[in-house]
Amino acid sequence: MATRLLLRRLGPLAGEALHARGMYATQYGATNHVFSRFYWIQGQQHPLYGSKTNVETYDTQQSAQMNFEIQKRSFSSAAAHIQRNPAYSVLNSDDVSYFKSILGDSSVVQDQDRVAVANVDWMGKYKGASQLLLLPKSTDEVSKILSYCNSRRLAVVPQGGNTGLVGGSVPVYDEVIISLVGMNKIVNFDNVNGILTCEAGCVLENLSSFVENKGFIMPLDLGAKGSCHIGGNISTNAGGLRFIRYGSLHGSVLGLEVVLANGTVLDMLTTLRKDNTGYDLKHLFIGSEGSLGVVTKVAILTPAKLPSSNVAFLSCNDYISCQKLLLAARRSLGEILSAFEFMDRHCIDLAMKYLEGVHNPLPVSPYNFYVLIETTGSDESYDKAKLEAFLLRSLEDGLVADGVIAQDISQASNFWRIREGISEASVKVGAVYKYDLSIPVEKLYDIVEEMRSRVGDMGEVLGYGHLGDGNLHLNILSAKYSDRMLERIEPFVYEWTSKQRGSISAEHGLGLMKAEKIHYSKSPEAVQLMASIKKLLDPNSILNPYKVLPQSVL
């Protein structure tokens, strides 16, 4: 009886917009494979991750612009203490005329409404005062822009999909915005080796669709895949949902084309898997957040698309059980484990309240923690047997309190929508302070509990993230931004993380928000060496100023 009740509870979810999320409405087999209280998703692997469309992001940014006076940068301790560098020139009409001569009038945007959208991040937290948005369509045009700006000492901000969370992709003052949105061509795809070569302005979701049609997948997947650009992903060394399986972009990116501050085009666009001729310079630009050069093209290795995929949504009574479940999953699922995400009860409550069209897969009883596990493999029956054995042991050992396995693509989409929608839901509360931390797994949730004690009734604290990578997304929600709340959070969150020898930025980058906080994760010697590299490659410091490194070392 219990199994039948669960089956009705998890009947196909009605009317979810699968195509809008880049998903295929594939017909699944009629046979229900039952394991205790778990159910199987059948058929081939599909892009299961929800995403924002470009239109949705544009609307979000417009809304953020309109409400900026309410949500101004008072949440951040960074911007308030940075003065505009007087060495930078101020844009004039001759500059605009030059840009029009090389780009054409339509690619030199001065319209206030269009520039305003590019001046503010998607969460409405960081706002610049740029008067000019440039839209180059080729590497040569980027080169000419930077050569000119360097000679005039005009500061610039490279911008991709503008989906970042640390103020790295918008101006601080009047920097010229260089958007790569027009550089969105796929240059080549090697069908034998699965190597994609494309321009930096390609949207991640579009690349995912392209390579999937070729029988491959992108090695990274993000909630913002419908808007973020591959160039921005590389510039921030984005991690995402597949990190546990495919690792970081330092391993997947084979080659880059980068334009330096003086306009020099650095051609490192190799597609070789092995190349030990000298220093591997591309790694300098992966994760440098546009502060050393502008990525214009990328060659990236894409894994083969596997035919078998399963997604499970599980509950745990305590965080210790989550840790033990992760260890058990690594040992039992091994090579088919492709995602291991965790959320606390507060995240689920938030998602159910603010996300449209989602359903709680385990609505009967509230649990303290939830885990989303995805497996992908090449042998459906083998993968099922492995997952079945793992779930059975986990239930018997008391690691899992309850759980379900998606029966179809709609249910899998719902599971992922809950996990990916937490960030989106959090901004609907009012103010959200976001921290992206790498912490040893055994200590990862301690900071959430300590922060709840510090914040008290001033706000709500959420903990979720990529448990398989030791990456916590710590969110503190309140009705509005205030200095009082910020004082409860910072510098405590950085000091605590530093004591655990963790990282204050696991995958979001430093941007403006954490540039002055880098010393919590890096030694003075390391920071000084980074500053030396910056001065060598960008002596006039025109590239993405005020970001990544403290102003005191430049």
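The values are calculated or read from the model by the stated rules, or taken from the named source; none is laboratory data. Note that the structure is predicted; figures quoted are calculated from it, not measured. FYI the Cβ positions are ideal-geometry reconstructions off the backbone, even for glycines, and counts take in every protein chain you see. When the accessible area is computed, the model is the full protein with side chains, heavy atoms only, and any ligands, DNA or RNA have been set aside. Shrake-Rupley method; radii C 1.70, N 1.55, O 1.52, S 1.80 Å.
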- Of the conditions (1) surrounded by fewer than 24 Cβ atoms within 10 Å (Cβ to Cβ); (2) in contact (Cβ under 8 Å) with a residue 40 or more places away in the chain, the single one that residue 234 does not satisfy is (1)
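Which one is farthest from the chain's Cα centre (by Cα), of the residues in the stretch 441-477 that are over 24 Å from residue 509 (Cβ atoms) and outside any helix (DSSP H, G or I)?
Narrowing the stretch 441-477 to residues over 24 Å from residue 509 (Cβ atoms): 442, 446, 449-450, 452-460.
Narrowing the set further to residues that are outside any helix (DSSP H, G or I) leaves 459-460.
Numbers: 459: 25, 460: 23 Å.
Here the answer is 459.
Taking residue 196, is it under 14 Å from residue 297 (Cα atoms), modelled with pLDDT of 95 or more, under 21 Å from the mean Cα position of the chain (by Cα) and outside any helix (DSSP H, G or I)? First the steps, then the outcome.
Numbers: under 14 Å from residue 297 (Cα atoms): yes; modelled with pLDDT of 95 or more: yes; under 21 Å from the mean Cα position of the chain (by Cα): yes; outside any helix (DSSP H, G or I): yes.
Yes.
Filter the stretch 139-189 down to the residues that are assigned to a loop (DSSP other than H, G, I, E, B), touching a residue at least 60 places away in the same chain (Cβ under 8 Å) and of a type in the set (A, V, I, L, M), then identify the one that is most open to solvent (accessible area, probe 1.4 Å).
First, pick out the residues of the stretch 139-189 that are assigned to a loop (DSSP other than H, G, I, E, B): 153-155, 160-175, 180-185.
Right, trim to touching a residue at least 60 places away in the same chain (Cβ under 8 Å) and you get 153-155, 160-169, 172-175, 180, 182-183.
Filter once more, keeping what is of a type in the set (A, V, I, L, M): 154-155, 165-166, 172, 180, 183.
Numbers: 154: 4, 155: 10, 165: 33, 166: 7, 172: 6, 180: 10, 183: 0 Å².
Filtering first and then ranking leaves 165.
Return a yes/no flag: does the stretch 128-141 have any residue that is modelled with pLDDT under 95 and polar (S, T, N, Q). Can you show your working first?
Keep residues of the stretch 128-141 that are modelled with pLDDT under 95, which gives none.
No - not one qualifying residue is present in the stretch 128-141.
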- Note on the structure: Of (1) out of contact with any strand residue (DSSP E or B) (no Cβ under 9 Å at 6 or more places or on another chain); (2) buried (at least 18 other Cβ atoms within 10 Å of the Cβ), residue 446 satisfies every one except (2)
- Query: What tally of residues in the stretch 510-522 results from selecting those that are in a helix (DSSP H, G or I) and either open to solvent by 50 Å² or more (accessible area, probe 1.4 Å) or without any contact (Cβ under 8 Å) to a residue 24 or more places away in the chain (or both)?
  - Reply: 2
- Message: Can you tell me which residue is farthest from residue 384 (Cα to Cα) among those in the stretch 309-332 that are surrounded by fewer than 22 Cβ atoms within 10 Å (Cβ to Cβ) and of a type in the set (A, V, I, L, M, F, W, C)?
- Response: 320
- Message: When you check residue 400 against the structure, is it more than 18 Å from the chain's Cα centre (by Cα) and under 24 Å from residue 455 (Cβ atoms), yes or no?
- Response: no
- Within the stretch 405-430, the residues that are surrounded by fewer than 22 Cβ atoms within 10 Å (Cβ to Cβ) and under 30 Å from residue 522 (Cα atoms) are 423
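Only one of 338, 288 is of a type in the set (Ser, Thr, Tyr) and in the same structural domain as residue 217 (by the TED database); which?
Step by step, each of 338, 288 is checked, and only 288 is of a type in the set (Ser, Thr, Tyr) and in the same structural domain as residue 217 (by the TED database).
It is to be established whether one or more residues within the stretch 498-505 are in a helix (DSSP H, G or I), over 29 Å from residue 264 (Cβ atoms) and among the polar types (S, T, N, Q).
So the first thing to find is which residues in the stretch 498-505 are in a helix (DSSP H, G or I), and the list is 498-499.
Pick out the ones that are also over 29 Å from residue 264 (Cβ atoms) and you get 498-499.
Next, only the ones that are among the polar types (S, T, N, Q) stay: 498.
Within the stretch 498-505 (the criterion being in a helix (DSSP H, G or I), over 29 Å from residue 264 (Cβ atoms) and among the polar types (S, T, N, Q)), the answer is yes, since at least one residue qualifies.
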- Across (1) open to solvent by less than 60 Å² (accessible area, probe 1.4 Å); (2) within 26 Å of residue 143 (Cα to Cα), residue 507 clears everything bar (2)
- Note on the structure: Within the stretch 291-308, restricting to residues that are over 21 Å from residue 251 (Cβ atoms) and of a type outside the set (A, V, I, L, M, F, W, C), the one that is surrounded by the most Cβ atoms within 10 Å (Cβ to Cβ) is 291
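Out of all the residues in the stretch 253-272, which are not in a loop (DSSP other than H, G, I, E, B) and not β-branched (Val, Ile, Thr)?
Restricting attention to the stretch 253-272, the residues satisfying the condition of being not in a loop (DSSP other than H, G, I, E, B) are 253-259, 265-268.
Passing the criteria: 254, 255, 256, 257, 266, 267, 268.
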- Message: Whether any residue in the stretch 526-543 is farther than 18 Å from residue 85 by Cα, among the charged types (D, E, K, R), in contact with a helix residue (DSSP H, G or I) (Cβ under 9 Å, 6 or more places away or on another chain) and modelled with pLDDT of 95 or more is what I want to check.
- Response: no
- Query: residue 335 fails exactly one of the following numbered conditions: (1) at pLDDT below 95; (2) open to solvent by 40 Å² or more (accessible area, probe 1.4 Å); (3) assigned to a strand (DSSP E or B). What is the number of that condition?
  - Reply: (3)
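State yes or no: is residue 470 modelled with pLDDT under 95, buried (at least 16 other Cβ atoms within 10 Å of the Cβ) and among the small types (Gly, Ala, Ser)?
Working: modelled with pLDDT under 95: yes; buried (at least 16 other Cβ atoms within 10 Å of the Cβ): yes; among the small types (Gly, Ala, Ser): yes.
Spelling it out, residue 470 is indeed modelled with pLDDT under 95, buried (at least 16 other Cβ atoms within 10 Å of the Cβ) and among the small types (Gly, Ala, Ser).
Can you tell me which of 424, 420, 449, 460 is within 19 Å of residue 316 (Cα to Cα) and among the charged types (D, E, K, R)?
Details: 424 fails: within 19 Å of residue 316 (Cα to Cα); 420 fails: within 19 Å of residue 316 (Cα to Cα); 460 fails: within 19 Å of residue 316 (Cα to Cα).
Criteria check complete, one pass: 449.
Which one of 546, 481 is under 18 Å from residue 165 (Cα atoms), open to solvent by less than 30 Å² (accessible area, probe 1.4 Å) and touching a Ser or Thr at 6+ places or on another chain (Cβ under 9 Å)?
Numbers: 546 fails: touching a Ser or Thr at 6+ places or on another chain (Cβ under 9 Å).
Only one candidate qualifies: 481.
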